[in-house]
């Protein structure tokens, strides 16, 4: 009976073919779930107000664009030299949040407009990088 596969080895090969369809390849290294409660999947995800992506706002005085590299830095207008505290971002027109990975404008929004005047989430349409404000409001969110 050498040369004919046994029932066990044929079954193993068949199961192996089915399982191979569901095995992940190398194309999604670093794959993580962004917010388990929301059941969304992204390639990379961060949470918290201090980790918000870089922002571009419009100056309230001269309408110039003001870059804000991190969420905790003040906004300094390059043209009229007005300075805005980082907490004043909500009073300015937000032009865009920029993806820190691929530098494209991110889709963003506010879930709780009665509580926040700045975005609570942002997702990059190109690389799927995702940022979300922490909804459990830990002590680090003392500005609320």
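Given the conditions (1) without any contact (Cβ under 8 Å) to a residue 24 or more places away in the chain; (2) under 18 Å from the mean Cα position of the chain (by Cα); (3) surrounded by fewer than 18 Cβ atoms within 10 Å (Cβ to Cβ), and given that residue 51 satisfies all but one, which numbered condition is not satisfied?
Answer for residue 51: the failing condition is (1).
So how many residues does the range 33-59 have that are modelled with pLDDT of 90 or more and in contact with a helix residue (DSSP H, G or I) (Cβ under 8 Å, 6 or more places away or on another chain)?
Of the residues in the range 33-59, 2 are modelled with pLDDT of 90 or more and in contact with a helix residue (DSSP H, G or I) (Cβ under 8 Å, 6 or more places away or on another chain).
Just for the range 63-83: of the residues that are part of a loop (DSSP other than H, G, I, E, B) and within 24 Å of the chain's Cα centre (by Cα), which one is farthest from residue 48 (Cα to Cα)?
It comes out as 74.
What's the number of the only condition in (1) in a strand (DSSP E or B); (2) at pLDDT below 90 that residue 118 fails to meet?
(1)
Is it true that residue 105 is without any contact (Cβ under 8 Å) to a residue 40 or more places away in the chain, surrounded by fewer than 17 Cβ atoms within 10 Å (Cβ to Cβ) and touching a strand residue (DSSP E or B) at 6+ places or on another chain (Cβ under 8 Å)?
It is true that residue 105 is without any contact (Cβ under 8 Å) to a residue 40 or more places away in the chain, surrounded by fewer than 17 Cβ atoms within 10 Å (Cβ to Cβ) and touching a strand residue (DSSP E or B) at 6+ places or on another chain (Cβ under 8 Å).
Is it fair to say residue 126 is exposed (fewer than 14 other Cβ atoms within 10 Å of the Cβ) and either modelled with pLDDT of 85 or more or assigned to a loop (DSSP other than H, G, I, E, B) (or both)?
yes
Could you look through the range 84-111, keep only residues that are over 19 Å from the mean Cα position of the chain (by Cα) and part of a loop (DSSP other than H, G, I, E, B), and pick out the one that is farthest from residue 128 (Cα to Cα)?
If we take residues in the range 84-111 being over 19 Å from the mean Cα position of the chain (by Cα) and part of a loop (DSSP other than H, G, I, E, B), then 85 is farthest from residue 128 (Cα to Cα).
If residue 57 satisfies all but one of (1) touching a strand residue (DSSP E or B) at 6+ places or on another chain (Cβ under 6 Å); (2) surrounded by 14 or more Cβ atoms within 10 Å (Cβ to Cβ); (3) free of Cβ contacts under 8 Å to residues at least 24 places away in the same chain, what's the number of the condition it fails?
Here residue 57 clears every test but (3).
Please enumerate the residues belonging to the range 71-84 that are closer than 20 Å to residue 110 by Cβ and either surrounded by 13 or more Cβ atoms within 10 Å (Cβ to Cβ) or free of Cβ contacts under 8 Å to residues at least 12 places away in the same chain (or both). Show your work before the answer.
So in the range 71-84, the residues closer than 20 Å to residue 110 by Cβ come out as 71-72, 75, 84.
Within the range 71-84, 71, 75, 84 meet the criteria.
The values are calculated or read from the model by the stated rules, or taken from the named source; none is laboratory data. Because the structure is a prediction, the values reported are computed rather than measured. We place every Cβ from the backbone using ideal geometry, glycine too, and count neighbours over all the protein chains shown.
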